[in-house]
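Participant: Take this structure, written in structure tokens, and hold onto it; I'll ask about it next.
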Amino acid sequence: IKNQPTQSNNHRNVSELLDNLLRGYDNSIRPDFGGPPAIVEVDIMVRSMGPISEVDMTYSMDCYFRQSWVDRRLAFQGNKETLALSISMLQRIWKPDTYFYNGKQSYLHTITTPNKFVRLYQDGRVLYSSRLTIKAGCPMNLEDFPMDTQRCPLKFGSFGYTTNDVVYRWNRARQVAIAEDMKLSQFDLIATPSANQTDILQSGEYSMLLVSFHLQRHMGNFLIQVYGPCVLLVVLSWVSFWLNREATADRVSLGITTVLTMTFLGLEARTDLPKVPYPTALDFFVFLSFAFIFATIIQFAVVHYFTKYGSGECYFSSDFSSDSSSDEDDWNVPIRRINDTNERSIPRKASSCSAGGSTSAFQHHSNPDRGSNTRLVEVIPLSACSVIPIGGHRHQPWSMQATMSGSNVHRLSLQSQRKRKRKKRTPRFNSVSKIDRASRIVFPLCFIIINAFYWYSYLSR
């Protein structure tokens with residue numbers, strides 16, 4: 001019961017004090033009007049930052065924005081050094097018309113009530129604090145993306161008062177403070193330098209404060225999504241150097257697949273970037289990887305151009321038994337008539353033929369209807385034979401030697417063809433191109449050297 005009269009007296013005293021302070025107070029006139037400019041001290045407490053958009057070149061942050069100035073018309077004497085006033089007092093006293101020069105969509109938090117407060121000190125100093133979410137422009141230079149460090153400024157000052165009326169200064173005790181638990185997903189906040197600035201416009205000189213948030217980008221996401229897949233695709237394209245040079249379908253399909261995948265990765269990497277007129281560091285790496293994959297296709301075109309027909313596939317040569325009559329039917333060709341005079345002009349040669357184990361021979365037939373001067377000889381195509389001199393030696397599954405003199409065509413015996421049984425197939429492996437052998441070393445070596453120069457040039461900046 002004794003405390004109730006005391007509290008009512010305190011309330012009455014404070015109410016009377018405020019009524020006395022605001023009696024005759026004009027909130028449209030700045031403090032010390034007609035005298036020196038009013039000094040507004042500012043400090044910022046940053047609670048969180050983000051998102052930071054490269055496409056819009058903007059950033060957002062949640063902060064406590066504090067302003068302090070001295071208004072001697074509000075000085076008072078009493079037992080209390082400070083008075084915590086209601087936010088309704090803001091409408092009755094003068095306050096600076098602060099605005100954010102590069103702000104986009106800033107707003108004051110109003111849940112559950114407007115997040116701001118006012119404190120009044122005995123010497124007439126007013127502390128005005130509000131919780132703001134500020135979305136400001138950040139001109140970014142993305143030449144070193146994603147190894148870049150961006151400097152996002154925040155510039156604010158008086159909208160209508162020139163330096164003759166209001167001057168902004170940073171609070172000496174605390175200028176820009178960062179919450180200890182603040183974390184960014186893609187960046188590290190490495191520095192927050194601040195400065196005073198005066199803008200000269202047509203309407204006069206205006207006092208401004210400037211703070212720059214230095215943000216260093218994390219590379220982990222890009223190493224996983226872009227750099228790693230690009231390196232793996234380039235290495236995958238080198239697999240064609242170990243494929244047969246006659247495996248045209250395999251090598252071309254491998255090259256086209258890697259090119260299309262590389263194109264998709266390059267386009268996907270730029271979806272979150274603005275259409276800047278200059279290439280970024282990521283564009284250089286994607287183009288470098290694409291160039292190596294494209295060079296692999298060009299290398300195969302060169303190898304294929306210098307590859308001889310039929311040299312390189314893995315063939316199997318076999319000997320067949322005498323009962324394989326179907327093989328002889330495969331090599332039947334039209335029968336020609338050879339006159340006695342033409343037979344004498346045939347040079348003394350030996351023909352050695354092989355084609356996947358198939359056999360063929362000159363067959364001597366007599367035609368009783370046309371007399372003894374005409375002989376029938378079965379001729380095999382030259383594309384399946386290699387003609388060498390009699391003195392030469394050539395190892396084939398079977399060979400045939402024929403001598404023609406006078407009017408007789410002598411049929412020579414095949415080398416044990418009708419007497420052998422089917423033997424095990426022996427492979428003749430393909431030849432390896434010298435270009436492929438050199439590419440196995442040159443391509444990886446060049447890729448490593450260019451990568452070392454790439455990473456050193458960008459990380460050392």
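Participant: For T133 and I256 in one chain, what is 0.36 nm times their gap in residues minus the Cα-Cα distance, to one decimal in nm?
Facilitator: 39.3 nm
Participant: May I ask you to list the residues of the stretch 266-298 whose amide nitrogen lies under 20 Å from a point 7 Å from Cα along the Cα→beta-carbon direction of V235?
Facilitator: Answer for the stretch 266-298: 266, 285-297.
Participant: Let me ask another. Per residue, how much accessible surface does the stretch 177-301 expose to a 1.4 Å probe? Answer in Å², no decimals.
Facilitator: Here the residues of the stretch 177-301 average 54 Å² of exposed surface.
Participant: Be a star and scan the stretch 120-156 for residues whose amide nitrogen sits under 19 Å from the point 7 Å along the Cα-to-Cβ vector of S48.
Facilitator: 130-136
Participant: Using a probe of 1.4 angstrom, how much of the accessible area of the stretch 243-288 is carbon and sulfur, in percent?
Facilitator: Details: 1790 of 2540 Å².
Here it works out to 70 percent.
Participant: Quick one: of K155/K183; K95/K183; K95/K155, which pairs are farther than 27 Å apart, Cα to Cα?
Facilitator: Pairs exceeding 27 Å: K95/K183.
Participant: Whenever you get a sec, compute what percent of the accessible area on the stretch 1-122 sits on carbon and sulfur atoms (1.4 Å probe). Walk me through the numbers before you get to the answer.
Facilitator: On the way: 3580 of 7450 Å².
Of the solvent-accessible surface of the stretch 1-122, carbon and sulfur hold 48 percent.
Participant: What full-extension length gain, to one decimal in nm, is calculated for L243 and A295 as 0.36 nm per residue of separation minus the Cα-Cα distance? Write out the running numbers ahead of the final one.
Facilitator: Numbers: separation 52, 0.36 × 52 = 18.72 nm, distance 1.63 nm.
Using 0.36 nm per residue and subtracting the Cα-Cα distance, I get 17.1 nm.
Participant: Sticking with this one: So, R0 is 25 Å and r is the distance between the beta-carbons of D188 and I111; what FRET efficiency does that work out to, to 0.05?
Facilitator: On the way: r = 31 Å, r/R0 = 1.22.
With a Förster radius of 25 Å, E is 0.25.
Participant: If the chain between Y278 and D181 were fully stretched, how many nm would it gain, using 0.36 nm times the residue separation less the Cα-Cα distance?
Facilitator: Result: 31.3 nm gained on full extension.
The values are calculated or read from the model by the stated rules, or taken from the named source; none is laboratory data. In this text, all values refer to a predicted model and were calculated from it rather than measured experimentally. Here Cβ is always computed from backbone atoms with ideal geometry, including for glycine, and neighbour counts include all displayed protein chains. For the accessible areas, the whole protein counts, side chains as well, though only heavy atoms, and no ligand, DNA or RNA atoms are used. Shrake-Rupley method; radii C 1.70, N 1.55, O 1.52, S 1.80 Å.
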